[in-house]
Amino acid sequence: MNPIVRIAAALAVASAGVYVAADSLGSALAEANPTLALQLAPRNVVALQTMAGNLLGDVNDPAARRSAAALADQALSRDAGAASAAITLAIIQGVEGGNAKSAALMAAAERLTRRDLRANIWQVENSVARGDVAGALRHFDFALRTSESAPDLMYPTLNAAIGDRRLAGPIARLLATRPPWAIPFLGQLGSAAPDLAGAAEFYLMVKRLGLDPPAIGWTAVVDRLTTAGDVARARNVHTVLRASDPAALINDPNFRGVADSPSVFDWFPSVDEGLQVQIGGGVPQLSFNAPAGFNGNIARQMLVLAPGRYRLRNTAMLSDDNGSTPAWKISCVGGDSFESIPVATAVTAPVAFSVPAGCRAQWIVLALTLVNDERPTAAQISNVQIERIP
């Protein structure tokens, strides 16, 4: 299916329930209870056009269309600026095949207001039918700027559209102009996008256009890609958007701090009762205090190391009387640990280890192994480095 036709189809389904609503056009009573308002004031324009919109809840019901048209005609006869009434008549004309009249009425309504969600949906669908991507996106923008209901209706359509490069580029360029809905949209895209690869490229595209996407959005894509097994793509997105060193084998080796909305490629401290872990926070280091008897993980990060030989070194200060032994445990994602390297002081030589074939991604975990359940454990680690052995 042509991608622009998919926009129209998605909106046509999603917007079926929107035609029962009207935007803020008059008194609270006329909106909230137009039936009562008409009993009290039969010529009330706001009540007439609100009731007309409500009657149009089922656009496929000829009787409902006739009643809605009659009320909308009354509203326009009393006030030529009754935009919602014009929109109701335009929708009816469109359903009944009067496309020219529908377009004329909708154009007149748009001159009166750009805040009506129904009008913007109609204009999106009309632009799509004409193959006008720019026009469709212009009305997406109008709707998302002016209607609180628009995100629930329009975000799913845009989420699906960014999977097609013919649409992703124009959408990214629109977001780069920084409309007020850009950051909220990008924040939800990562967890909602049906096309993960498309969403990953879209975040990179937006970044190239000068807009920094919120971490809560792109880290969701990174984690979803990792779960789906597309680790290399996930790592690339993380490196670009976190502005990390692309040559580094471990992210944030100097423990500058816990990242905003951390992904699997960031340091992630464990949360356990009695365990205190601090990363950064004024001093670039990982420090922890574990209670007596603690046996478990302190922090972890995912790595993408090719099979081969590596060496690990770190700089740390250890308490003299620890109850547990801190160590770096390295394992294949989804597998058992294949290396355990004790946390060492600065004078200790680096330790070599090997990544086996078929191990596409790894966890590095700072863990404690209990040796004395009567003593707590504390340490300060200022850096950890991994380098390839030629």
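The values are calculated or read from the model by the stated rules, or taken from the named source; none is laboratory data. Model, not experiment: these values are computed from the prediction. Backbone-built Cβ (ideal geometry, glycine too); neighbour counts: all protein chains shown. What goes into the accessible areas is simple: the full protein's heavy atoms, side chains included, and nothing from ligands, DNA or RNA. Shrake-Rupley method; radii C 1.70, N 1.55, O 1.52, S 1.80 Å.
Roughly to the nearest percent, how much of the accessible area of segment 121-275 is carbon and sulfur, given a 1.4 Å probe? Carbon with sulfur: 53 percent of the solvent-accessible area.
A cut-off of 5 Å between modelled amide H atoms, ignoring neighbours fewer than 5 places along the same chain, links L303 with Q362, W363, I364. Protein heavy-atom accessible surface, 1.4 Å probe, per residue over segment 159-210: 40 Å². Potential lengthening of the chain between E387 and T345 amounts to 13.3 nm, from the contour at 0.36 nm per residue minus the alpha-carbon distance.
The label point for A176 and the one for D336, both projected 7 Å from the Cα toward the Cβ, are 5.2 nm apart. Excluding ligands, DNA and RNA, the accessible surface per residue across segment 220-355 is 48 Å² with a 1.4 Å probe. For A316, the residues 5 or more places off, or on other chains, whose built amide H falls under 5 Å of its own are A346, S382. For the modelled label position 7 Å from the Cα of R311 along Cα-to-Cβ, which residues of segment 219-249 have backbone nitrogen atoms closer than 18 Å? Correct set: 248-249.
Exposure check, 1.4 Å probe, all protein chains in place: M302 carries approximately 10 Å² of accessible surface.
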